[in-house]
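The values are calculated or read from the model by the stated rules, or taken from the named source; none is laboratory data. Quantities reported herein were computed from a predicted structural model and do not represent experimental measurements. Cβ coordinates were reconstructed from backbone atoms using ideal geometry, including for glycine residues, and neighbour counts include every protein chain displayed. Accessible surface areas use protein heavy atoms only, side chains included; no ligands, DNA or RNA. Shrake-Rupley method; radii C 1.70, N 1.55, O 1.52, S 1.80 Å.
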Amino acid sequence: PRMADDPLECVLTTWAADRPVLQQIRREIFIREQKVPESDEWDDDDWVSVHALVRLNRDPVGTGRLNPAGKIGRIAVLPGLRGRGIGALITRRLLEEAHHRGIREPYLHAQLQAVPFYEKLGFASEGDVFDEAGIPHVRMKHALE
């Protein structure tokens, strides 16, 4: 569990401003750990999305993004720091930003093992399971108030 005095911060940024650190986190999680081909990891959405960046003691430890269509994605937390609420912090920050931008139903493509995590944050599954980068996913949407 996260301590109240943890020096944890979550900021919104852009690909242009923080690309090296965003890439470092995503390379560790998606390319090294989950074996996603590097050619599948980087896309044009990176340039047009707003990115959340979490730092712990000023060290980058997590990221995620929200594209203009309302898709939340690339939620990643470094191994060893999972289960401390960092992924939820990223997701909630991106949901707040979606609301701020007038996006009524933000959505994401959840890896199957992450479905319970997103359900706790108010997402509901819709449709069939599909393959994305060799990993089973399901589309989930979040209805904002």
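Looking at ILE90, ILE103, ILE75, can you tell me which residue is in contact with a Cys (Cβ under 9 Å, 6 or more places away or on another chain) and under 20 Å from MET140 (Cα atoms)?
Numbers: ILE103 fails: in contact with a Cys (Cβ under 9 Å, 6 or more places away or on another chain); ILE75 fails: in contact with a Cys (Cβ under 9 Å, 6 or more places away or on another chain).
Checking each option against the conditions leaves just ILE90.
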Quiz item: Given (1) acidic (Asp, Glu); (2) in contact (Cβ under 8 Å) with a residue 60 or more places away in the chain; (3) part of a loop (DSSP other than H, G, I, E, B), where does GLU105 come up short, assuming only one miss?
Solution: (2)
Quiz item: Taking the range 115-133, which residues are open to solvent by less than 60 Å² (accessible area, probe 1.4 Å) and on the phi > 0 side of the Ramachandran plot?
Solution: GLY122, ALA133
Self-check item: Unmet criterion (only one of (1) open to solvent by 10 Å² or more (accessible area, probe 1.4 Å); (2) under 26 Å from TRP47 (Cβ atoms)) for LEU112
Solution: (2)
Self-check item: Verdict on VAL138 being surrounded by 16 or more Cβ atoms within 10 Å (Cβ to Cβ), among the β-branched types (Val, Ile, Thr), at pLDDT 95 or above and farther than 23 Å from THR14 by Cβ
Solution: yes
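Quickly run through the range 88-102 and pick out the residues that are free of Cβ contacts under 8 Å to residues at least 60 places away in the same chain and either surrounded by 15 or more Cβ atoms within 10 Å (Cβ to Cβ) or within 23 Å of LEU56 (Cα to Cα) (or both). Before you say what the answer is, go through the steps one by one.
First, pick out the residues of the range 88-102 that are free of Cβ contacts under 8 Å to residues at least 60 places away in the same chain: 88, 91-92, 94-96, 98-102.
Hits for the range 88-102 are ALA88, THR91, ARG92, LEU94, LEU95, GLU96, ALA98.
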Practice problem: Scan the range 26-51 for residues that are farther than 14 Å from TRP15 by Cα and either surrounded by 20 or more Cβ atoms within 10 Å (Cβ to Cβ) or hydrophobic (A, V, I, L, M, F, W, C) (or both) and jot them down. | Solution: ILE29, PHE30, ILE31, VAL36
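So for the range 7-14 (the condition being over 20 Å from GLU96 (Cα atoms) and modelled with pLDDT of 95 or more), does at least one residue qualify? Quick ask: steps written out before the conclusion?
Looking only at the range 7-14, we keep the residues that are over 20 Å from GLU96 (Cα atoms), and these are 7.
Now restrict to residues that are modelled with pLDDT of 95 or more: none.
Within the range 7-14 (the criterion being over 20 Å from GLU96 (Cα atoms) and modelled with pLDDT of 95 or more), the answer is no, since none of the residues qualifies.
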Quiz prompt | Selection status of ARG26, out of contact with any Phe, Trp or Tyr (no Cβ under 7 Å at 6 or more places or on another chain), without any contact (Cβ under 8 Å) to a residue 40 or more places away in the chain, closer than 24 Å to LEU112 by Cβ and among the basic types (Lys, Arg) | solution = no
Exercise. Keeping to the range 63-87, report how many residues are farther than 17 Å from PHE123 by Cβ, in a loop (DSSP other than H, G, I, E, B) and either open to solvent by less than 40 Å² (accessible area, probe 1.4 Å) or in contact with a strand residue (DSSP E or B) (Cβ under 6 Å, 6 or more places away or on another chain) (or both).
Key: 2
Quiz item: Taking the range 117-128, which residues are over 14 Å from GLY85 (Cα atoms) and assigned to a helix (DSSP H, G or I)?
Solution: GLU119
Self-check item: Meets criteria (among the aliphatic types (A, V, I, L, M), open to solvent by 30 Å² or more (accessible area, probe 1.4 Å), over 24 Å from GLU132 (Cα atoms) and touching a residue at least 12 places away in the same chain (Cβ under 8 Å)) for VAL54
Solution: no
